[in-house]
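**Student:** Sharing a structure here in structure tokens format.
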Amino acid sequence: MPLGLLALAIGGFGIGLTEFVIMGLLPEVAADFGVTESVAGWLISGYALSVAVGAIGLTAAVTRFNRKHVLIGLMVLFIIGNLLSALAPGYAVMMTGRIVAALSHGAFFGIGSVVAADMVAPAKRAGAIAMMFAGLTTANVLGVPFGTLLGQQLGWRSTFWAITVIGVVALIGMVTLIPKRVSTGGRTAGAGLRGEVAAFAHPQVWFSLAVTVLGFGGMFGAFTYIAYTLTEVSGFATSTVPWLLILFGAGQFAGNLIGGKTADRSLSGTLIIVLLALTAVLVVFALTAHSQVMTIISLVLMGGFGFATVPGLQMRIMHYAGRAETLASGANIAAFNIGNALGAWLGGLTIAAGLGYASTIWAGAALTLAGLAVFVVAIRLATRPTQQAPAREPAGSTA
């Protein structure tokens with residue numbers, strides 16, 4: 001494994017903590033700032049929307065710069081954002097810190113995906129992307145549960161101080177481990193901003209973005225308010241939430257790596273199976289959320305199938321964008337987080353409507369099913385002779 005992938009994983013670990021740990025601490029944050037559950041939820045959806053802005057805006061602004069230098073600058077921005085969150089005297093400053101940290105998120109994973117893919121042979125690109133995202137999933141296995149526990153024991157601010165320190169460690173790792181010039185694997189390096197934008201003329205790029213928003217957003221529709229679901233519906237004690245999140249994170253870690261390996265062999269086949277399975281898991285979860293045993297099983301499977309989509313979805317849009325893959329990759333990271341915001345928003349609507357916390361899982365199942373439907377249409381159109389270059393699905397894919 002190239003050491004540069006390890007550096008990217010370290011950065012992904014820190015960013016993953018910032019994005020997800022707030023979910024386990026949402027009750028404490030809401031109580032400290034004196035806001036309602038739905039208002040506190042905007043710290044999640046506001047973060048996700050800011051990721052989308054940064055993924056497109058910042059990526060477009062830095063396409064002509066050295067990628068290593070860009071990644072280092074993004075990590076500095078991430079550290080500043082978490083410092084603001086740790087020191088926040090009120091809700092407004094807390095939201096500002098979340099937004100600042102989020103601006104680095106999308107561009108980091110978008111540019112990092114291209115760098116990771118260029119470090120390995122073409123047949124292993126999805127697997128390399130999965131290795132970078134392994135940092136994100138490791139954050140869910142270890143960082144988020146223990147960050148939640150730390151926040152519950154020492155106050156939620158202590159968690160953001162810890163994330164700031166991790167950000168500094170990640171910064172050192174990127175400075176020392178990522179090569180200044182990354183190999184392009186024999187492909188033309190860069191297409192310029194005009195060429196990057198031109199990639200969006202391909203209809204399959206837009207289909208890929210839509211599937212990402214709906215398919216991945218479905219998991220977040222269920223996960224955003226998971227702390228309330230576990231305690232109010234399943235009947236778990238608040239103290240058990242961090243340990244349950246470890247199980248969810250373990251599913252994410254395994255699903256991400258397995259999804260990357262299978263996507264290298266059959267991209268479309270992997271995505272169809274995973275989206276269908278995720279929909280089924282969410283339906284079962286919604287029906288059995290009152291059962292603690294079934295909730296545990298559903299948590300693991302939801303994390304596994306949810307993150308098994310990530311390498312394949314990222315690889316698909318990079319394939320159709322061709323040599324102008326940097327901005328398209330960043331746009332797909334934005335789509336992931338638009339899906340997060342959409343899922344959180346729909347979940348908040350169902351709770352506000354008095355449908356109960358389990359209703360957020362039903363909303364997630366509906367979103368994922370819509371994503372599967374869009375993907376089926378996309379691969380049918382992609383296999384038509386009239387489809388423009390690239391004229392077929394990526395190698396190894398199945399309709």
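The values are calculated or read from the model by the stated rules, or taken from the named source; none is laboratory data. Everything numeric here is computed off the predicted structure, so don't read it as measured data. Every residue, glycine as well, gets a Cβ built from its backbone with ideal geometry; the counts of neighbours run over all protein chains shown.
**Student:** Return yes or no: is Leu247 aliphatic (A, V, I, L, M) and under 18 Å from Tyr225 (Cα atoms)? Step through it out loud before you land on a result.
**Tutor:** Details: aliphatic (A, V, I, L, M): yes; under 18 Å from Tyr225 (Cα atoms): yes.
It is true that Leu247 is aliphatic (A, V, I, L, M) and under 18 Å from Tyr225 (Cα atoms).
**Student:** Which one of the conditions (1) in a helix (DSSP H, G or I); (2) at pLDDT below 85; (3) over 22 Å from the mean Cα position of the chain (by Cα); (4) not small (Gly, Ala, Ser) does Thr188 fail to meet, given that it meets all the rest?
**Tutor:** The number of the failed condition is (1).
**Student:** So Trp42 fits all but one of (1) surrounded by 22 or more Cβ atoms within 10 Å (Cβ to Cβ); (2) of a type in the set (A, V, I, L, M, F, W, C); (3) closer than 25 Å to Phe220 by Cα; what number is the exception?
**Tutor:** The failed condition is (1).
**Student:** Next up: Considering only residues that are at pLDDT below 85, among the polar types (S, T, N, Q) and within 16 Å of Ile273 (Cα to Cα), look in the range 341-399 and name the one that is surrounded by the most Cβ atoms within 10 Å (Cβ to Cβ).
**Tutor:** Ser397
**Student:** Just need a number here: residues in the range 219-232 that are surrounded by 24 or more Cβ atoms within 10 Å (Cβ to Cβ) and either among the β-branched types (Val, Ile, Thr) or closer than 23 Å to Arg380 by Cα (or both).
**Tutor:** 3
**Student:** In the range 87-117, what count of residues is obtained for those that are touching a Gly at 6+ places or on another chain (Cβ under 9 Å), surrounded by fewer than 20 Cβ atoms within 10 Å (Cβ to Cβ) and either of a type in the set (Asp, Glu) or over 18 Å from Ser45 (Cβ atoms) (or both)?
**Tutor:** 1
**Student:** Same structure, new question: Out of (1) modelled with pLDDT of 80 or more; (2) over 20 Å from the mean Cα position of the chain (by Cα); (3) within 30 Å of Val114 (Cβ to Cβ); (4) not β-branched (Val, Ile, Thr), what's the single condition that is false for Tyr47?
**Tutor:** Looking at each condition in turn, Tyr47 falls short on (2).
**Student:** Among the listed residues Leu257, Leu287, Leu301, Leu278, identify the single one that is crowded, with 22+ Cβ neighbours inside 10 Å and either of a type in the set (A, V, I, L, M) or farther than 17 Å from Ile361 by Cβ (or both).
**Tutor:** Working: Leu257 fails: crowded, with 22+ Cβ neighbours inside 10 Å; Leu287 fails: crowded, with 22+ Cβ neighbours inside 10 Å; Leu301 fails: crowded, with 22+ Cβ neighbours inside 10 Å.
From the options Leu257, Leu287, Leu301, Leu278, the qualifying one is Leu278.
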